[in-house]
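Read-outs: derived from the displayed coordinates by stated rules, not from any lab. Computed from a predicted model, the values in this text were never measured in an experiment. Here the Cβ positions follow ideal geometry from the backbone for every residue, glycine too, while neighbour counts run over all protein chains shown.
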Amino acid sequence: MAEMERVLFTKEMKKDYTILVPTMLPIHFQLMLDIMRSYGYKAELLENSGRNVVDSGLRNVHNDTCYPALLVIGQMIDALESGKYDVHKVALMITQTGGGCRASNYIHLLRKALQKSGYGFIPVISLSAGGLERNPGFKLGPMMLDRIFYAILYGDLLMLLSNQTRPYELEAGRTDRLVDQWAARLSGQMRGRGLLSYRKVQENYKAMIADFAAIPRTQEEKVRVGVVGEIYVKFSPLGNNNLEDFLRSEGAEVVVPGLMDFLLYCIYNQLNDQTLYGGASRLRDGVMKWIYRFLVKKQLDIIQLIQAEGSFRPGGYFPHTVQLVDGYLDHGVKMGEGWLLTAEMLELIEQGTCNIVCTQPFGCLPNHIVGKGMMRIIKERNPKANIVAVDYDPGATRINQENRIKLMLANAHAIAQSEQEEDTGDLPMPQYEDYEELAASFR
Amino acid sequence: MKEKMQTVNTTVGIDIGSTTVKLIVVRDHKVVYQQYERHLSQVRPKTLELLRMAGDLLRDQPFTVALSGSAGLGLAKAAGLPFIQEVFATGEVVKKLAPDTDAVIELGGEDAKIIFFTGGLEERMNGSCAGGTGAFIDQMATLLDVTPEQLDTLALAAQKVYTIASRCGVFAKSDIQPLLNQGARKEDIAASIFKAVVDQTITGLAQGRRITGKVLFLGGPLYFFKALQREFVRSLRLSPENAIFPSMGRYAVALGSALYAEKTGDPFTYGQLLERLEAAVTENHTAHRLQPLFESQADYDAFVARHAQATVERLDLDSYTGDAYLGIDCGSTTTKLVLLSADGRILYEFYDANHGNPVEIVREQLLLLRRRCASRVRIRGSAATGYGEDLVRNAFSVDAGLVETMAHFRAARRFQPQVDFILDIGGQDIKCFKVRHNSIDSIMLNEACSSGCGSFIGTFAQSMGYSVEEFARLGLFAKHPADLGSRCTVFMNSSVKQAQKEGACVEDISAGISVSVVKNALYKVIRASSAAELGEHVVVQGGTFLNDAVLRSFEMELGRQVVRPAIAGLMGAYGAALYAQSLELPESGLLSLEALEQFTHTSKSTTCGLCGNHCSLTVNLFSGGRRFISGNRCDRPLGGGSAANLPNLYHWKLEQLLALPRTPGPRGAIGLPLGLNMLENLPFWHALLTQLGFEVVVSGVSSRETYTKGQFSIPSDTVCYPAKLMHGHIAELLEQGIHRIFYPCMTYNFDEHKGDNHYNCPVVAYYPELLKANVAELNQEGVLFLHPHLGIHRPETFTEKLYAALAVPFPDLTKEEVAAAVQAAYAAQADWMARIKEQGRLAIAYAREHGHKIVVLSGRPYHIDPEINHGIDRLIASFGIVVVGEDAVSDLVEPVRVNVLNQWTYHARLYNAAKYVTTQPDMELVQLVSFGCGIDAITTDEVRSILEEGGKLYTQLKIDEITNLGAVRIRIRSLLEAVAERDRAAKRAAPAPAPQGKEAVLHG
């Protein structure tokens, strides 16, 4: 049958092609693009949004496909049609996760859509940890991966600090300015070659934490609202109708678990597959375990620095997060966000953020199980949990979504009020001496 | 906080919902005033009006005030007034005034809400898909041509209740329409509508929590409709003292707002409040707005003149003498008639809503025609088409019937002989077909989910207080048409709400709805990305295109002019009349004038007991002893038995699975739920567990009752129906006293080496986890629910892993025992798959020997469940077709390379089956798709392109909880007719040119 020939991104293209990348996490992606640029790629983050993007998606993707695919592909084709780019000098980049969720098919749907709109000649680069497709002109060398890895950690930290500062800042806009300053500074530092100095990285962490701590803040208590969900609609303002802005405008502090957890989740699943089904070589398994422990340690370092400084609440520690779902579901549930989504809800609750928006594209298959499917027992075992599931799709109206979120917020305020009367003590946080033990407990 | 306002003793709550405004005044803790009115989208003026009506009470002293409700949100923001979320408001009021309440059910215009108080406070609203309730009831009443009050009265006199899809209003509507056309009693339909609302509330909202104890029912619909009250009490099995329908029910939210205002609000004077509301004109034109349809009257005139050219000549019936041919199109909402003269001119035409009783309308028309024709005009042929084709044919002895797609094609060819694309938007469906080589090439019909487009305009116009014509005219010159999106009508309802909130006027909304209808057709049904795809010569028709605003939107969206015949609404009837003429009968058998005068029609409902489907039959009896049975899925109740004798692999597979023995064993009983992947892997688990000494008990074949039994524990109402049924299967096993249930999680499926990987879909893979978390009984003391994650794709490690999983609950098992059982299991599964293939070969051989066509009915293994496939296999067989499944033929070709990631075992079979079908001249493929199956969004396009590249037609049937078999029948008939036409063309033009061209290039 007529199989489409894959258009490769060649070495020649690297010179003068611009790689267009759809936005998911503004801070992280900006850092990653800077890294790509410093490695000689021309890259641009797509920031076009609005009705045109959705319409373009509707025209080019099967309408029952999940909303993130529709948006990402819509955003790309809308950009190609905007006249801003020489379409014969651009390439597109999209992430490819692999796994039993249909998200692993985005790249193919994108290629089909390009073909259909007459852009079949545009190369599409798959960005994936598993290395599903190869392109001669695009290689993630070890040095670049090293930088991307730190970009994720930096991005997570900046996101965490700014989320805890922005709602309380006395001078409006100060937090965002600091985020921009740091992003620029970090990009500059990562420009060179060779492994990054971890000492330097840790100094950055400390300086970053100190800088945010120095921003003058109000002392008022705000309701904290956690955001979990399918990775794209969870993080992308385009995907979730600017959910974070909305929550903040309603007087809430937003808590968003970071991207590092998702990366760790992917690695954890490979290890767990070995436990459940066997079949991998001992060497491969050993290497994966080493990587897992390495990454977890890096996450722990940040947590400890935040705790040492004392102004901010750190994010969850992955090996602990892993354990939270015991008794809820098995770690074998690994499609889409899988068990991690349930774990993140439990992590938020454990950290005292009981109000949660669980975001998903309309009809998201894994979320039937790990999102909506788990809410009943989560609420049963955590009576304070106040969770609202919100579906996103091209037809869902904002008013409908906001009304449901408002209900959750009304309850959140009521709970906060009654709690103030009770005055609960400090949040139950695991002590970090336990952490090493936890990490080791994973065999 | 601010100091308490000691002097303020009055508080006002205003609840502005999607359809009504409710205002309440509380003074000294007593309700002194209440008012309830529909706002017809005039939110702010209506609120002001209500406030002024209460002016005497409020003028003299300051009071506190708060707004609530979905439409109140925007107004409160714009006016800077306190707002309280409506469900929260209800919760507050109930806690204060009826503290012994266990649960609240509140139905509003478009929202449904539930609050649980006992056992953990929980407040929920319907998801965005669940559609409206009050508005839904209104819509259904319109469909039955009665007022909502009459609907209630009718329902109270019901004798039986039909199952009507309850998840979404649009689904329900497409179930009701055929019932109406089949002549079911209005009383019964009315009661079924209320029952559907109740079911929707229970599945959509309760989500795993049982509604028990003292239940408070609030909101307008639950106050007004006694039949709805009765149905709730019955369905929830509430005793009278536990079902409370307070007279204040409609005002609960308003009252809650008033209480909230009292606690937190600043006082206002009457004048201040009016002033704020007056000034709160929401900004105009902020939201997405579209191009106007016409810039000027001159543009419009030119447009009208152009389309006026596509017309049919008319002749005066009363002065005509000679032969005539009659076409009747009995559609879902309208009935159309055309009488043609011998030279093709129109002698008589009729178009009207069928008001829920098409038989009576047709009789009136035929009487009138017979009288006017007298002996001058001889009707020499008659043909019927449309949903009610069979009913009308049987009632009036119409000579012939033809599937509506063919009728439309015949008609369109008269206007544009080169037509290569026909789009028909009727009341209930969108149909479009591509024409290639002078025959219908591909047919696309809207799924149940996006249907209702034409009638949506009608219902919406009415709800805003306009006639359809008036409403459409308003849109023509709208300055800033509102962008309402392109989804189903339920979504459109909330888009309209949003647009109104943003200040869109009626004109903008009218134009916006027209654009939406068009976008729906283009992007959802046709799935076009450019106008070029549709072809050069497009003919549009169907009643909806008589609306100039829709026609104009279509041309604008397409960027091309199209032909709209002046008789756009009559094309089905016109095509039928042309067909009647082609029959060349000497005389029509149509009922004579005398027979028509004495015509009687009665209908009664009954349930067919001939098979497990238990179809609800409607038996229509006509004068002269003619009768017509409808509602059946196969021809057995009609006395036919042909379907039963042909090989049908769907039926065969199910029989084989059910024949697996239940052998008592020393380890006692263990249950397996017969759904999802168990419908393929049962031989594996059965062999394994039997060998281990268990007595394997399989839950029965699914039925509607299976669904109902488990309904209340379904947490996600948009998951596919096959998954939802699992809740019932578990319930059935537990009911039988089986306390050990085995249902493993399987990320991976068997590796059949057809694709890049061998996954199950997330739902099949992990549904056991969901059951464990939501079916409370599975966590009870004494119940063992075994759902380990197992990898059958890796036989070499399987024994060890399985042993580890079983050793905990069954410590006496030995590894050797397990190893032997595993071996037996793999052997049993291999044997089963081989038998399926062998049976497939036999069926195909039988078909060829006896000259039957073959349909590869392709879906998933669980589609053999009759409650999931709704008897579609039998329906297809009733056309004399041999039915095999995708699994029987998928090994007959080399693995297909596709343009998507081919990583699911079941789905890889589809691609192969499609490829194989393209190599077999006597085979067609029909794909079954369960609603909500996200993965099929990927497979369907791919299967379609494989088939089309191979010169085959693609037919997709989307199925859900309930399926409108009428639509399925049309599609199957269209497919068969198109295939026959293609075969005839091939014979005429042999050697036939290889089918290629635009399509191939497009996908190539």
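Starting from the alpha-carbon convex hull of chain B, give the projected area averaged over all orientations, in nm².
Values: hull surface 178.4 nm².
Its average projected convex-hull area is 44.6 nm².
For the pair B:L57 and B:L786 in one chain, pulling the backbone fully straight at 0.36 nm per residue adds 255.8 nm over the alpha carbon distance. With both labels modelled 7 Å from their Cα along Cα-to-Cβ, the B:A827 to B:L367 distance reads 7.6 nm. Per residue of peptide A:408-415, the mean number of Cβ atoms on other chains within 10 Å of the residue Cβ is 4. Taking amide H atoms as placed 1.01 Å from N in the peptide plane, the amide H of B:R436 lies under 5 Å from those of B:D441, each 5 or more residues away in sequence or on another chain. For the stretch A:3-99, the set of GluC sites (Glu not before Pro) satisfying both a DSSP loop assignment and a count of at most 13 other C-beta atoms within 10 Å is given as A:E3, A:E5, A:E47. Remark on B:Y33: its backbone amide H falls under 5 Å from those of B:V25, a criterion applied only to residues 5 or more positions apart or on other chains, H modelled at 1.01 Å from N.
Here the stretch A:57-102 is described by how far its Cα atoms reach on the three principal axes: 36, 21, 11 Å, from widest to narrowest. Given their separation in residues at 0.36 nm each and the Cα-Cα distance between them, B:R378 and B:S235 gain 45.8 nm when the chain is fully extended. A Förster radius of 45 Å combined with the Cβ-Cβ distance from A:Y198 to B:N779 puts the calculated FRET efficiency at roughly 0.45. Among A:D391, A:D16, A:D261, the residue with the largest mean-square fluctuation in a Gaussian network model of chain A, with springs joining Cα atoms closer than 10 Å, is A:D16. In whole Å, how far is the Cα centre of the stretch B:384-431 from that of the stretch B:212-275? Spelled out, the Cα-based centre of one part sits 49 Å from the other.
Taking the number of Cβ atoms within 10 Å of each Cβ as an exposure proxy, the fewest-first ranking of A:K372, B:K801, B:K815 is B:K815, B:K801, A:K372. For the stretch A:182-339, the equivalent ellipsoid derived from the alpha-carbon gyration tensor has semi-axes of 30, 24, 15 Å in decreasing order. Let's test the formula: R0 of 41 Å, r as the Cβ-Cβ distance of B:A532 and A:D16. What FRET efficiency results, to the nearest 0.05? It comes out at approximately 0.85. 3J(HN,Hα) couplings calculated from phi for the stretch B:216-226 with the Karplus curve 6.51 cos²θ - 1.76 cosθ + 1.60 (θ = phi - 60°) are, in sequence order, 9, 10, 10, x, x, x, 6, 8, 7, 9, 5 Hz; Gly and Pro show x.
From the cross-link list A:K234/B:K95; B:K77/B:K479; A:K379/B:K724; B:K434/B:K987; A:K372/B:K709, which pairs have alpha carbons spaced over 28 Å apart? If you can, show how the numbers build up before the last one.
Details: A:K234/B:K95 34 Å; B:K77/B:K479 26 Å; A:K379/B:K724 22 Å; B:K434/B:K987 21 Å; A:K372/B:K709 20 Å.
Too far apart for the 28 Å limit: A:K234/B:K95.
Scanning chain A for DSSP H helices at least 27 Å long along the axis (C-alpha atoms) with a Kyte-Doolittle mean no lower than -1.0 picks out A:142-165, A:282-309, A:398-422. The alpha carbons of chain A give a radius of gyration and a Dmax of 21.6, 70 Å, in that order.
Residues B:S382, A:S126 in ascending order of nearby Cβ atoms (within 10 Å, fewest first): A:S126, B:S382.
Just checking the listed ones, A:M335, A:M93, A:M143: in the Gaussian network model of chain A with Cα springs under 10 Å, the one fluctuating most is A:M143. Compute the Cα gyration tensor for the stretch A:112-236, then decide on rounded, prolate or oblate, letting a ≥ b ≥ c be the square roots of its eigenvalues: rounded whenever a/c is under 1.5, prolate when a/b is larger than b/c in the other cases, and oblate in all that remain. In terms of gyration-tensor shape, oblate. Packing, as the average of other Cβ atoms within 10 Å across residues, places the peptides B:762-775, B:838-851, B:548-561 in the order B:762-775, B:548-561, B:838-851, highest first. Residues whose amide H comes within less than 5 Å of that of B:S70, counting only those at least five positions distant or on another chain, are B:S18 (H built at 1.01 Å from N in the peptide plane). Counting neighbouring beta carbons within 10 Å and listing from fewest to most, the residues A:C266, B:C432 come out as A:C266, B:C432. Counted over the protein assembly as shown with a bin width of 20 Å, the fraction of Cα pairs per bin, in whole percents, is 9, 36, 39, 15, 2, 0. Scalar couplings 3J(HN,Hα) for the stretch B:779-784, obtained by applying the Karplus form with A = 6.51, B = -1.76, C = 1.60 to θ = phi - 60°, are 9, 6, 4, x, 9, 10 Hz; x denotes Gly and Pro.
Identify the residues of the stretch A:210-235 with backbone N under 16 Å of a label point that sits 7 angstrom from the Cα of A:R313 along the Cα-to-Cβ direction, or state none. Inside the label zone: A:219-228. Between A:P167, A:P136, A:P237, the GNM of chain A built on Cα springs shorter than 10 angstrom shows A:P136 fluctuating the most.
Mean residue ellipticity at 222 nm from the helices of chain B, using -39,500 (n - 2.57) per DSSP H segment of n ≥ 4 over the full residue count, to the nearest 500 deg cm²/dmol?
Per the formula, -13000 deg cm²/dmol.
Between A:D245 and B:K226, the simple spin-label model (points 7 angstrom out along Cα→Cβ) gives 5.3 nm.
Extension gain for B:R560 to B:R848 (0.36 nm times residue separation, less C-alpha to C-alpha distance): 99.0 nm. Could you tell me the calculated FRET efficiency between B:T147 and B:T118, based on Cβ-Cβ distance and R0 = 45 angstrom, to the nearest 0.05? About 0.75, to the nearest 0.05. Between A:Q189 and B:A342, the distance separating the two model label sites (each 7 Å from Cα on the Cα→Cβ line) works out to 9.6 nm.
If you take every DSSP beta bridge whose two residues both sit in chain B, what share of them, in percent to the nearest 5, is antiparallel?
55
With the gyration tensor restricted to C-alpha atoms of the stretch B:681-733, the semi-axes of the equivalent ellipsoid amount to 26, 11, 9 Å, longest first. Note on B:787-794: average number of Cβ atoms from other chains within 10 Å of each residue's Cβ is 4.
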